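The values are calculated or read from the model by the stated rules, or taken from the named source; none is laboratory data. The model shown is predicted, which means the values in this text are computed figures rather than measured ones. For neighbour counting, all protein chains shown are included, and Cβ atoms are generated from backbone atoms with ideal geometry for every residue, glycine included. Surface areas here come from the heavy atoms of the whole protein model, side chains and all, with no ligands, DNA or RNA. Shrake-Rupley method; radii C 1.70, N 1.55, O 1.52, S 1.80 Å.
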Amino acid sequence: MTTPPPTVLFVPGLRDHVEDHWQTLLARKIAGSRTVPPLERDRLSCSARVAALDVALQSIDGPVVLVAHSAGAMIAVHWVEWARRRTTKIQGALLAAPADLERPLPQGHPTLDALRANGWLPIPRRTLPFPAIVAASTNDPLARIDRVLAYARDWGAHVADVGPVGHLNPAAGFGEWPRGEALVRELVSRAGAVTALRCA
């Protein structure tokens, strides 16, 4: 019996849907992909974000590859910690430019006190029960490279050094991100898809 190709599920960060973000653009290209919908309230609540990811996962039949960006990566690892016995459908994850929520963020982002009060801290550090790739930017204003490498090591994730790409968002020029699409293809291939990723 042939295993169905995994559904790609996009997990945005705290800014949710951004029209010209690489996640939005890539989601349009990948046939059958899904995106965790934005929250209408409790937008800073970690538990609300985790619950929204869980609902999205429950709506998908078959294997899933997660594609998370920024705080979305932290939503994914918090979900794993919360639902560790129900993670078998996750066949892989791309955790792109994970934001270091354990250190003060630049002005305009949530404070450490606000993040702590909303359940984000501490960040789970246990090994992930599925293959993961951390796309590490060398000049991310939201996470020093040494911190990103430490997260990746603790999660048991492979590190893809994507160079000085800032926070991998429209402000940094992304937009289209061909390397990200290639990494998603790699994860889908690892998940045992028989054919190449179907594109719309």
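Key figures for this structure:
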item	result
Convex hull volume per residue in cubic angstrom - Cα atoms of region 93-200	122 Å³
109, 17, reordered so the largest accessible area comes first (probe 1.4 Å)	17, 109
Nitroxide proxy distance, nm - points 7 Å out along Cα→Cβ at residue 29 and residue 103	3.1 nm
Inter-label distance, nm, simple model (7 Å from Cα along the C-beta direction), residue 40/residue 20	2.9 nm
Alpha-carbon centroid distance for the pair region 115-135 / region 1-80, whole angstrom	15 Å
Probe 1.4 Å - accessible area at residue 165, Å² to nearest ten	20 Å²
Surface accessible to a 1.4 Å probe, per residue, for the residues of the chain, Å²	47 Å²
For q = 0.11, 0.15, 0.19 Å⁻¹, Debye-computed log10 I/I(0) when each Cα of the chain counts as one equal scatterer	-0.44, -0.87, -1.50
Accessible surface of region 81-200, 1.4 Å probe, proportion on carbon and sulfur as whole %	53 percent
Folded to 0 to 90 degrees: helix 46-58 orientation relative to the chain principal axis, Cα	0 degrees
For region 10-121, Kirkwood radius (reciprocal of mean inverse C-alpha pair distance, Å)	14.4 Å
Magnitude of the charge dipole, region 79-191, Cβ model with Lys/Arg +1 and Asp/Glu -1, debye to 20	540 debye
Per-pair calculated FRET efficiency, R0 = 35 Å: residue 172 and residue 88 via Cβ, rounded to 0.05	0.50
Excluding exposed DSSP-loop GluC sites (Glu not before Pro) (at most 10 other C-beta within 10 Å), longest clean stretch of the chain	41-200
Estimated vicinal HN-Hα couplings, Hz - region 67-81 in sequence order (Karplus 6.51, -1.76, 1.60; Gly, Pro = x)	10, 10, 10, 6, 5, x, 5, 6, 4, 4, 6, 5, 4, 4, 5
